[in-house]
Amino acid sequence: MSANNFTAKKAPILQVKNLQTGFKIDGDYYNAVEGVSFDVDRKQIVGVVGESGCGKSVMSLSIMQLLPQGIGKIRGGEITFEGENISEFSDKKMNQIRGKDISMIFQEPMTSLNPVFTIGYQIEEVILNHEKISKKEARLRSVALLKSVGIPRAEKIVEEYPHQLSGGMRQRVMIAMAIACQPKLLIADEPTTALDVTVQAQILELLKGIQESNDMAIILITHDLGVVAEICDEVIVMYAGKIVERASVDELFNNPKHPYTDLLMKAIPKMTEDVEKLATIEGLVPSVINMPQVGCRFANRCPAAMPECLTVTPMLNDVASNHQTACLLYDSSWPEGETRQREGATIQ
Amino acid sequence: MTTRDFVQERIDSLEEREVLLDVQNLKTYYPVTGGFFKRVLGHVKAVDDISFTIRRGETLGLVGESGCGKSTTGRTILRLAKPTDGKILFNGKDITKVSGKKLQQARRDFQMVFQDPYASLNPMQMVGDIIAEPILNYEKRNKKELEKEIKALLTRVGLPEEAYYKYAHEFSGGQRQRIGIARALALNPKLIIADEPVSALDVSVQSQVLNLLKELQEEFDLTYLFIAHDLSVVKHMSDRIGVMYLGNLVEVASNKDLYREPLHPYTQALISAIPEPNTEIRKERIVLQGDVPSPQNPPTGCPFHTRCPMAMEVCSQKKPPLKEVRPGHHVACVLY
């Protein structure tokens, strides 16, 4: 990843600092995302992994300011895109950015296209919203876009409706819409989860190709570690609304530090290995309402947990170059952690 | 004993077992109707002439992409879908045509674990009653004894005894799937058909359920037909694996052979398409073009020839039969 080290010297395209997003439940706000900070460099693919309810989708919706109105709210922190704090932007200003500089693709290609408009109309809508060109030109652009995402008979497809296309094709249309204005950042929320593996392979290849040709950065949100290993440069692992580990992709897969990451990797059956028993993580993610206020949020399920884990909140700490984790075992301000490690408090 | 030895020993012991389920030339077509008089306009050939056997105590995995007919196969064996043609022999008895009381008796021996743990449990029933229902369908039981038995079963699948008095909505997805498994086990069946039992679950919970299914198999001498779209999950669970494409079985082989040496071009593409959580293996990828054709109007000849990178002229003319090309390794492709 030498290219990344080079680009890393420039200012990152997106900086998220101490983001806190809350949801209103019975009149009170509870944070689904709690103090998340990370950078996305230009042309970088950052993967965000975690299980359902870990806050990965809420985080992406916060960046786009697409949280459900009146229920979800950014309660603290900063989101800086190209040097501007967009978390304070008005709706009107945000509309100028959304779809143009930052765009998003969603998990469900079936429900995120409007069934009553043609494919062409929906792509042109994006272009006409952001650029002053004629409808005719927009039509030509959308045909070219559809071709670039590998849709055959693009001239015909622009006249068709979403229900006439298969799942993979609809996801291609979504991608065409998302890249219509050549955004600098694409947020892809589980873009291949609803698709079959052979189609997933097509879509991942397509995303990677577009990222390279358009010099675009991608935040890829997924629960599939396989997908992350396949196309990401950097990975963020989230658990219960917090980042527990962040590293370059090679580092994370070869040298996972946080017990949660480690167990997560051992819990997946792999094609290349035979194991009799898979690793499991006992217990459940604490609910948003009963989230422990101090200590590590994984402590109640962690096989390496120490009594201190319940009272000391771990911070993200460097464990290697370009590798941070939030675990007391690796906390330099907690010298006992190192001793514990040596004593074999790590996971079997 | 290493895992390898364990696997080998298991394969050896399975070969001597008797065949529990024998499916012969099974076809399930769904009619497509239209117009005012609901005329039959055509058929969706969901399962189109497949044959396989499962020995007692064995796990046969069925993989394939959505719409390939793997779920319909499972449902047809349970007679939840009507077979159009072919034979299903269970324990030597033909169950293809039985109905009424006889079918009910036969069903005692095969149970199903469903995909969606949220939709497959009655929200109005107490968990204890959900599990008791299949038993009470067949036997009159003493209430106290039954309760004790069910509580023991709940403990066995990893739930607390108090779960008996709770309702489905009080449980997480993984716990609900455990309830579904307990219900399937209640009648002490011989065969369990698990249709995507973990696809709705998170990774950490998925591994718990997979481990549980494996333990139970050992303990109760169960036979599984394990249906899933995730190849790595199927590989972990199965002794033998059948790969389906568009209603056809294109390859059947032992777990080891299939992954070490896939023969059918579709299997090869499918295996190469799986993203592996390991950055050291950067695989040579076979990316298939296009989508799966509609099962209502499947291509003539080999069903895969429209997307096959190795298709030849003959492929579009004649459908290749499933042939044993190596011991225990069956494939339906003209290349072999």
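Brief remarks on what is shown
- Mean separation of Cα contacts under 8 Å (6+ apart) over length of chain A, as relative contact order %: 18 percent
- Taking the centroid of alpha carbons for each part, the range A:238-300 and the range B:91-169 are 34 Å apart.
- Projecting the Cα atoms of B:L146, B:F90, B:L80 onto the charge dipole of the range B:80-153 (Cβ charges, centred on the Cα centre) puts B:F90 farthest toward the positive pole.
- Candidate cross-link partners of A:K17 among the lysines, defined by an alpha-carbon separation under 18 Å and a same-chain spacing of 8 or more, comprise A:K56, A:K73, A:K242.
- Relative contact order for chain B, counting Cα pairs under 8 Å that sit 6 or more residues apart, in percent: 19 percent
- Counting, for every residue in B:150-156, the Cβ atoms of other protein chains within 10 Å of its Cβ and taking the mean gives 0.
- Counting 0.36 nm for each residue step from B:Q105 to B:F37 and taking away their Cα separation leaves a gain of 20.8 nm.
- Packing, taken as the mean count of other beta carbons within 10 Å per residue, orders the peptides B:293-303, B:118-128 from highest to lowest as B:293-303, B:118-128.
- Across peptide B:287-295, the mean count of Cβ atoms from other chains lying within 10 Å of each residue's own Cβ comes to 4.
- Over the range B:245-335, relative contact order from alpha-carbon pairs under 8 Å, at least 6 apart, %: 36 percent
- Label zone of B:Q24 (point 7 Å out along Cα→Cβ, amide N under 19 Å): in the range B:317-336 this covers B:321-324.
- Of the trypsin sites (Lys or Arg not before Pro) in the range B:78-156, the ones in a loop by DSSP (not H, G, I, E or B) with at most 11 other beta carbons within 10 Å are B:K97, B:K140.
- Stretching B:N122 away from B:K318 to a fully extended chain increases their span by 65.8 nm, per 0.36 nm per residue minus the current alpha-carbon distance.
- For a label point 7 Å along the Cα-to-beta-carbon line of B:R285, residues of the range A:25-48 with backbone N under 13 Å: none
- Here the spin labels are modelled as points 7 Å beyond Cα on the Cα-Cβ line, and at B:K143 and B:N188 they lie 2.5 nm apart.
- C-alpha long axis of helix B:173-185 to longest principal axis of chain B, angle in °: 80 degrees
- Residues B:R17 and A:K277, FRET efficiency given R0 of 35 Å [Cβ-Cβ distance, rounded to 0.05]: 0.90
- Estimated from helices alone, the mean residue ellipticity of the protein assembly as shown at 222 nm is -9500 deg cm²/dmol (sum of -39500 (n - 2.57) over DSSP H runs with n ≥ 4, per residue).
- Structure remark: mean-square fluctuation, Gaussian network model of chain B, C-alpha springs under 10 Å; the largest value among B:Q206, B:Q268, B:Q105 belongs to B:Q105.
- In a DSSP loop and with at most 14 other Cβ atoms within 10 Å, the trypsin sites (Lys or Arg not before Pro) in the range A:101-206 are A:K132, A:R153.
- Of all aspartates and glutamates in the structure, the ones whose alpha carbon falls short of 19 Å from that of A:K93, not counting any fewer than 8 places away in one chain, are A:E78, A:E82, A:E84, A:D101, A:E125, A:E131.
- Acute angle (nearest 10 degrees) that the helix B:3-15 long axis makes with the longest principal axis of chain B, alpha-carbon atoms: 90 degrees
- Peptide A:255-268 shows a mean partner chain C-beta count of 2 within 10 Å per residue C-beta.
Every number in this text was worked out from the coordinates using simple rules, so none of it is lab data. Computed from a predicted model, the values in this text were never measured in an experiment. In this analysis, Cβ positions are derived from the backbone assuming ideal geometry, glycine residues included, and neighbour counts consider all displayed protein chains.
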